[in-house]
């Protein structure tokens, strides 16, 4: 009989389950979703009534940890899930902060690892693969492409989980730059427009009433779905919705009269690829309006501001200086006809909550901003009250660039 069994009959591991008592459900969710930072996924309707939760084990993984409820649950001190992590030290710090034990066992080839337990005594193993020696055939471009793909995957994960926050965010919804964007783009009733990296859809919503049709695009499917629901709820009927990478737009050359991109390019792994794509899809004589956060010209302040942003949101790549932005647009073959910088204030609590920044990261970030040198606190308008960080401010750019008419 054994010879008749295919050696690929079992094709993978779908999930493992950890059981806790019903009375411990809230504490278990706080541990697995809060301390470990696992992303909860919806349960099928047929099993929602059983309680517990399902968690995805990694941003792109189909494997899950299922938290089940059982009145007679007993801690599993030998059987256990083994979690792969890209930062074992960070996991250890989170567990130690939560008062969980760290148990060092014999190491196995190719990994560093340790054991811990959840608050109920269930054994958990955490493992980090040791970095392999890069294969000689791997080129610098291949390595760059791999890093770019990882950044975009992180973007999809981060914003997929927080999509509705960006629809609802006053920081994105209520700024006066939207009116400026429309005025500078000078839309005509016959224009065909594209909004790149739409986020909550606020730029597309502002532009849609003034053009014949608008394509609303985003890299993240959940974000695009949230924007679509937002725009349809506002009565927008002249929009099409396309999942699109800003660095490889799926549109023909010279397609759009207007292209807009707002508060997104600081997430792009290759900003120059994106600006060339924006220029490529514009009709000759077409207009591009860019709105994005910018870094200070002073290198120390530049590094500090970008560090704060990246710690709050790991998918943040870089905010560029004004001079860098003007160079990007010019190198893409566009003519910058108008630009200005403005100031925006970030209320600290809503800023970190919108991205679901973990509590331990928030605390360290708040402490570091408050401890910044006086010159930095002055530049970023750091507001402190009763020893707590209230807000900080930085600059953003609005730029209008036009594609020259063909001779």
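Derivation of every value follows stated rules applied to the coordinates shown; laboratory data play no part. On a predicted model such as this, the values are computed, not experimentally measured, just so you know. A quick note on method: Cβ atoms are made from the backbone with ideal geometry, for glycine too, and the neighbour counts reach across all protein chains shown.
With contacts taken as Cα pairs under 8 Å and at least 6 residues apart, region 226-341 reaches a relative contact order of 25 percent.
If you line up the long axis of helix 221-233 against the longest principal axis of the chain, both from Cα atoms, how many degrees apart are they, to the nearest 10? Around 60 degrees separate the two axes. If you take every DSSP beta bridge fully contained in region 196-328, what fraction is antiparallel? Give it as a percent rounded to 5. Of those bridges, close to 5 percent are antiparallel.
Packing, as the average of other Cβ atoms within 10 Å across residues, places the peptides 280-292, 356-368, 303-315, 215-227 in the order 215-227, 280-292, 303-315, 356-368, highest first. Put in order of Cβ neighbour count within 10 Å, fewest first, the listed residues 108, 196 become 108, 196.
For region 16-75, place one equal point scatterer on every Cα, skip the solvent, and apply the Debye formula. What is log10 of I(q)/I(0) at q = 0.30 Å⁻¹? Listed by q, the Debye log ratios stand at -1.36.
Divide the volume of the convex hull around the Cα atoms of the chain by the residue count and you get 222 Å³ per residue. Rounded to the nearest 500, the helix-only mean residue ellipticity at 222 nm of the chain stands at -9500 deg cm²/dmol, with each DSSP H run of n ≥ 4 adding -39,500 (n - 2.57).
When you restrict to C-alpha pairs under 8 Å that are six or more residues apart and normalise by the size of region 13-129, the relative contact order lands at 27 percent. Taking all Cα-Cα distances within region 265-395, those exceeding 20 Å account for 50%.
A Förster distance of 45 Å, applied to the separation of the beta-carbon atoms of residue 272 and residue 383, puts the FRET efficiency at 0.80.
Quick one: work out the % antiparallel among DSSP beta bridges in the chain, nearest 5. Close to 55 percent. Between the Cα long axis of helix 88-97 and the first principal axis of the chain there is an angle of about 70°, rounded to the nearest 10. Mean sequence separation of contacting Cα pairs (under 8 Å, at least six apart), scaled by the length of the chain, corresponds to a relative contact order of 11 percent.
Taking the Kirkwood radius as Rh and the Cα radius of gyration as Rg, region 345-407 has a ratio of Rg/Rh equal to 1.25.
Angle between the Cα long axis of helix 322-331 and the longest principal axis of the chain, 0 to 90 degrees, nearest 10? It is inclined by approximately 70 degrees. Size of region 13-129 from its Cα atoms: along the principal axes, largest to smallest, the extents are 42, 29, 24 Å.
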